[in-house]
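K.L.:
There's a structure below that I have some questions on.
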Amino acid sequence: MAANMKAKQVSHTQTDAGGATVDPEEWLHMYRQMYRIRSFEEEVNDLYTKALMPGLAHLYIGEEAVAVGVCESLKREDYITSTHRGHGHCLAKGASPDRMFAELLGRAPGYCKGKGGSMHIADQEGGNLGANAIVGAGSGIATGAAFSARMRKSGQVAVTFFGEGALGQGLLYEVMNMASLWKLPVVYVCENNLYNEYTHYSQTTAGELSARPAAFGIPVEVVDGQNVRAVYETARRFIERARNGEGPGFVICNTYRYHGHHVGDINRAYYRSKEEETLWKTERDPLNLLSQWLTEQHLADAAIFEQIEKEAREEMRSAVEFAIKAPFPDASEVTQHVYA
Amino acid sequence: MSMLKTSESTAGATNGKAMRELTMAQAVREALAEEMRRDARVFIMGEDVAEAGTPFKVLLGLVDEFGTDRVIDTPISEPGFAAIGVGAAMTGMRPVIDIMFGDFLTLTMDQMVNQAAKARYMSGGKFMVPIVFRTTLGATRRSAAQHSQSLHVWPSHVPGLKVVLPSTPYDAKGLLKTAIRDDNPVVYFEDKMNFTTKGMVPDEEYTIPFGVADIKRAGADITLVATSSMVYVALGAADKLKEIGISAEVVDPRTTFPLDKQTLVDSARKTSRAIVIDEGYERYGVTAELAAVIADGAFYYLDAPVKRMGAMDVPIPFSPALEDLTAPTADAVFQMAKTLCGRA
């Protein structure tokens, strides 16, 4: 793919990320990462609707720019904590889709030997401390990881992803208070996809969202969560600031989940309109926004995107095939790993 | 130590070694200091743990040696600092989280039950959560319903957690050192009425393995299984029983999980009668589990049903006149034992 990239034809590098120099290839890499997430989630939807996947599936489609923009600003050894809608974070932090699908299907080669599933997928080697099915709980673990990184003087940063629904959890404010007091290297990334499950956040959230971190003296920025360049630019600044010992940051990414709260949430008219969904999908799609910009800048053309998309779809199909063929865990596994 | 002259394993472990008399609080402090010297990953976090040394003064002086980087005062945010402890434990540290009163465990249930206890299993064995939650139990301090509960059965119920109930300074020190070195989440309960209880503790270093009950007093006619401060209640009853010619054996499980079922069963098989005494609520309590273990393992050897004595099933009342009715006493255990032995 690299050989036919238009990027090679431009002599200058782009200065788009807050004055930082970004190689055009890096933007294409982010496009690829976002498309891989979308393609992964489309396969999940397919597996789920064909009754091949047990349990629940909360799709990240529509929110890809948040996970990718943030994780591209992290090092592999940095930490993230994730949510029940966590496949995107896991992939963006570097997990491999074959072992992810195996986990989602409860198979032995899964990242957690099939014991965690979609809502608890974790990738220790890649710094993913796990998805979490308790809303807001990841904020505590990430703040603890940041505390640990500081004590160990490791230079690591922790990022916690959470939806705007987690703003209703007291734990978040307790750990933000301590993170600010102790200048911990943690960045709070709020994915505001507008809905706490089936309820618009305006019905659950008093005051201004950004006033909450501000009350703890934590710098906060609101970014267009559909624009991966904006997310990346902001995340990079906050993460570097945290790494330099200047304390926590809080990023509110305005975004949208195209599908329901979970795959089974089909009839959504009672809480949001078809028009609203269509508007986000047509006007605010993170993949389209990036490909349009790259095209306008003469950094890439349709052939490049088609190639990336084709490769991603093939990768995900073969990952699904691997998972479907993978064995279930042996019955003896049920009592393993209760204790270390 | 005077009440524990017959403690077999204690005597065995320390035979011929130099000993000193310490209080429970001193023993706990010594365990923490030794482990913090031994392992730079160990730190203490909680409310007023540093200069104040906790309201019970158990941690007094630790901050002088280890500084505020390792003895860390927190805001009054139990869920928050428990969660920070879990995250730190998952990423290479060994926190000791101070939960001032056992009643406040209720505030940390998500961190303890949904996060710490499950991270290893849910990750297929990738994560370790070597964290200790140090907290209290025990009534009769006139502290009323929200500062007097003995909730150790709650973590005992949850796979993934280990639960420690030391009764003597010797046990407190050896078990706390084991707890800190354990790679799993451990909930460690001290009876707040026993911080000044004294006992002999060896000069030299030792640890006590989990899941090994200690026979605090050997006997032939009836087994009194007792946890934490109820060990002293059982020993008091045993003294009285001796006066009427009944020889009681006092068995202290020391950890509810892992549980040394064999020692409990062996003792009941030997004596053919058993009472289980624990300061948690009687209903669905630790006494129920231990009685079931004995009934199951010693059924054909028993001359009487296994009896349970726990806290009265009421919120702990404030008035001393009422509070003292709620916890098992040596007299009540004595009466129950007499009845079981056909001497009523």
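The values are calculated or read from the model by the stated rules, or taken from the named source; none is laboratory data. All figures in this text were calculated on a predicted structure; none of them were measured in a lab. FYI the Cβ positions are ideal-geometry reconstructions off the backbone, even for glycines, and counts take in every protein chain you see. Just the protein is used for accessible areas: all its heavy atoms, side chains included, with ligands, DNA and RNA removed. Shrake-Rupley method; radii C 1.70, N 1.55, O 1.52, S 1.80 Å.
K.L.:
Looking at segment A:183-236, which GluC sites (Glu not before Pro) are DSSP coil and have at most 15 other C-beta atoms within 10 Å of their C-beta?
P.N.:
A:Glu197, A:Glu208
K.L.:
Which order do you get for A:Thr143, B:Thr178 if you rank them by accessible area with a 1.4 Å probe, largest at the top?
P.N.:
Of A:Thr143, B:Thr178, the descending order of accessible area is B:Thr178, A:Thr143.
K.L.:
Let me ask you something else. Treat each spin label as a single point 7 Å out from the Cα along the C-beta direction, and report the B:Lys270 to B:Gln335 distance in nm.
P.N.:
According to this spin-label approximation, the distance is 2.9 nm.
K.L.:
Which value in deg cm²/dmol, rounded to the nearest 500, describes the helix-derived mean residue ellipticity at 222 nm for chain A, given -39,500 (n - 2.57) per DSSP H run of n ≥ 4 and division by the residue count?
P.N.:
-13000 deg cm²/dmol
K.L.:
Which of the chymotrypsin sites (Phe, Trp or Tyr not before Pro) found in segment A:75-124 are loop residues per DSSP with 12 or fewer other Cβ atoms within 10 Å of their Cβ?
P.N.:
Loop-located and lightly packed - none at all.
K.L.:
Let me ask something additional. Quick check on segment A:46-204: take the gyration tensor over C-alpha atoms, sort the square-rooted eigenvalues as a ≥ b ≥ c, and tell me if it's rounded (a/c under 1.5), prolate or oblate.
P.N.:
The shape class here is oblate.
K.L.:
Any chance you could look up the accessible area of B:Arg29 with a 1.4 Å probe, heavy atoms only, rounded to 10 Å²?
P.N.:
60 Å²
K.L.:
Still on this structure, I have one more. Please work out the FRET efficiency for the pair B:Asp313 and B:Glu34, using the Cβ-Cβ distance as r and a Förster radius of 41 Å; give the result to the nearest 0.05.
P.N.:
With a Förster radius of 41 Å, E is 0.55.
K.L.:
How many Å² of accessible surface get buried when B and A come together, counting both sides, probe radius 1.4 Å, rounded to the nearest 100?
P.N.:
By this definition, chains B and A bury close to 3100 Å².
K.L.:
If you don't mind, there's one more thing I want to ask. To the nearest 0.05, what FRET efficiency results for A:Ala331 and B:His157 with a Förster distance of 22 Å applied to their C-beta separation?
P.N.:
It comes to 0.35.
K.L.:
Among the DSSP beta bridges whose two residues both lie in the protein assembly as shown, what percent are antiparallel, rounded to the nearest 5?
P.N.:
Bridges in the protein assembly as shown that DSSP calls antiparallel: roughly 20 percent.
K.L.:
Using 17 Å as the cut-off for backbone N distance, which residues of segment B:256-281 belong to the label zone defined by a point 7 Å from the Cα of B:Ile244 along Cα→Cβ?
P.N.:
B:273-275
K.L.:
What is the helix-to-structure angle for B:230-243, meaning the angle in degrees between its Cα long axis and the longest Cα principal axis of chain B, kept from 0 to 90 and rounded to the nearest 10?
P.N.:
Computed tilt is about 20 degrees.
K.L.:
With every protein chain kept in the model, how would you rank B:Arg142, B:Arg134, A:Arg76 by accessible area, 1.4 Å probe, largest at the top?
P.N.:
Ranked from most to least accessible, the order is A:Arg76, B:Arg142, B:Arg134.
K.L.:
For a test of the definition: using alpha carbon positions, the gyration tensor, and the 1.5 limit on a/c, classify chain B as rounded, prolate or oblate.
P.N.:
prolate
K.L.:
Kindly list the residues of segment B:43-69 that lie in the label zone of B:Arg20, defined by a backbone N under 18 Å from the point 7 Å along the Cα-to-C-beta vector.
P.N.:
B:58-66
K.L.:
Does chain A classify as rounded, prolate or oblate by the C-alpha gyration tensor (a ≥ b ≥ c root eigenvalues; a/c under 1.5 gives rounded; else a/b over b/c gives prolate, otherwise oblate)?
P.N.:
Judged from the Cα gyration tensor, chain A comes out rounded (a/c under 1.5).
K.L.:
Would you mind checking the pairs A:Lys50/A:Lys325; B:Lys216/B:Lys338; A:Lys183/B:Lys118; A:Lys183/B:Lys162 and listing those with alpha carbons more than 23 angstrom apart?
P.N.:
Flagged as over cut-off: A:Lys183/B:Lys118; A:Lys183/B:Lys162.
K.L.:
Report, by chain and number, residues whose modeled amide H sits under 5 Å from the one on B:Phe127, excluding near sequence neighbours (fewer than 5 apart, same chain).
P.N.:
Residues meeting the amide H criterion: none.
K.L.:
Another question, then. If you count the DSSP beta bridges with both ends in segment A:23-321, what percent of them are antiparallel, to the nearest 5?
P.N.:
That works out to approximately 10 percent antiparallel.
K.L.:
Using the Karplus curve 6.51 cos²θ - 1.76 cosθ + 1.60 with θ = phi - 60°, what ³J(HN,Hα) values do you get for each residue of segment A:114-121, in whole Hz, with x for Gly and Pro?
P.N.:
x, 8, x, x, 3, 7, 10, 4
K.L.:
So how tilted is helix B:261-271 from the main axis of chain B? Cα-based, degrees 0 to 90, rounded to 10.
P.N.:
Taking Cα atoms only, the helix is inclined about 20 degrees.
K.L.:
Tally Lys/Arg at +1 and Asp/Glu at -1 over every other residue whose Cβ is under 12 Å from the Cβ of A:Pro248; what's the total?
P.N.:
Charge balance near A:Pro248 sits at +3.
K.L.:
Can you give the helix-only mean residue ellipticity at 222 nm for chain B, where every DSSP H stretch with n ≥ 4 adds -39500 (n - 2.57) and the sum goes over all residues, rounded to the nearest 500 deg cm²/dmol?
P.N.:
Result for chain B, helices only: -9500 deg cm²/dmol.
K.L.:
With a cut-off of at most 15 other beta carbons within 10 Å, and DSSP calling the residue loop, which chymotrypsin sites (Phe, Trp or Tyr not before Pro) in segment A:263-340 qualify? Please list them.
P.N.:
When the chymotrypsin sites (Phe, Trp or Tyr not before Pro) of segment A:263-340 are filtered for loop state and at most 15 Cβ neighbours within 10 Å, A:Tyr270 remain.
K.L.:
Given that compact globular proteins tend to follow 2.2 N^0.38 Å, what is the ratio of the alpha-carbon Rg of the protein assembly as shown to that value?
P.N.:
This ratio for the protein assembly as shown stands at 1.11.
K.L.:
Give me Rg over Rh for segment A:203-325, both radii from the alpha carbons and Rh done the Kirkwood way, two decimal places.
P.N.:
That ratio equals 1.05.
K.L.:
In square angstrom, what is the accessible area per residue of segment B:2-202 with a 1.4 angstrom probe?
P.N.:
I get 31 Å² per residue for this part.
K.L.:
Tell me the accessible surface of B:Thr168 in square angstrom (1.4 angstrom probe, heavy atoms of protein chains only), to the nearest ten.
P.N.:
B:Thr168 exposes around 10 Å² with every protein chain in place.
K.L.:
Between A:Lys183 and A:Gln203, what's the calculated FRET efficiency when r is the beta-carbon distance and R0 is 30 Å? Round to 0.05.
P.N.:
With a Förster radius of 30 Å, E is 0.30.
K.L.:
A further question on this structure: With labels modelled as points extended 7 Å from the Cα through the Cβ direction, what inter-label distance (nm, one decimal) is found for A:Ser154 paired with B:Glu204?
P.N.:
With each label point 7 Å from Cα toward Cβ, the separation is 3.7 nm.
K.L.:
Roughly how crowded by other chains is peptide B:122-134, in terms of the mean Cβ count from those chains within 10 Å of each of its Cβ atoms?
P.N.:
So the per-residue partner count for this stretch is 6.
K.L.:
May I pose another question? In square angstrom, what is the accessible area per residue of segment A:204-244 with a 1.4 angstrom probe?
P.N.:
43 Å²
K.L.:
Which whole-Hz couplings ³J(HN,Hα) result when phi for each residue of segment A:214-222 is put into the Karplus expression 6.51 cos²θ - 1.76 cosθ + 1.60, θ = phi - 60°, listed in order with x for Gly and Pro?
P.N.:
Using θ = phi - 60°, the values come out as 4, 4, 9, x, 9, x, 9, 9, 9 Hz.
K.L.:
Counting Lys +1, Arg +1, Asp -1, Glu -1, what net charge surrounds A:Gly170 among other residues with beta carbon under 11 Å of its beta carbon?
P.N.:
Combined, the nearby Lys, Arg, Asp and Glu give -3.
K.L.:
May I ask for the net charge around B:Leu161, where only other residues with Cβ less than 12 Å from the Cβ of B:Leu161 are counted and Lys, Arg are +1 while Asp, Glu are -1?
P.N.:
+2
K.L.:
Now, a different point. Can you work out the Karplus-derived ³J(HN,Hα) for every residue in segment A:132-142? Use 6.51 cos²θ - 1.76 cosθ + 1.60 with θ = phi - 60°, whole Hz, and x for glycine or proline.
P.N.:
Values per residue, Gly and Pro as x: 9, 8, 9, 4, x, 5, x, 5, x, 5, 5 Hz.
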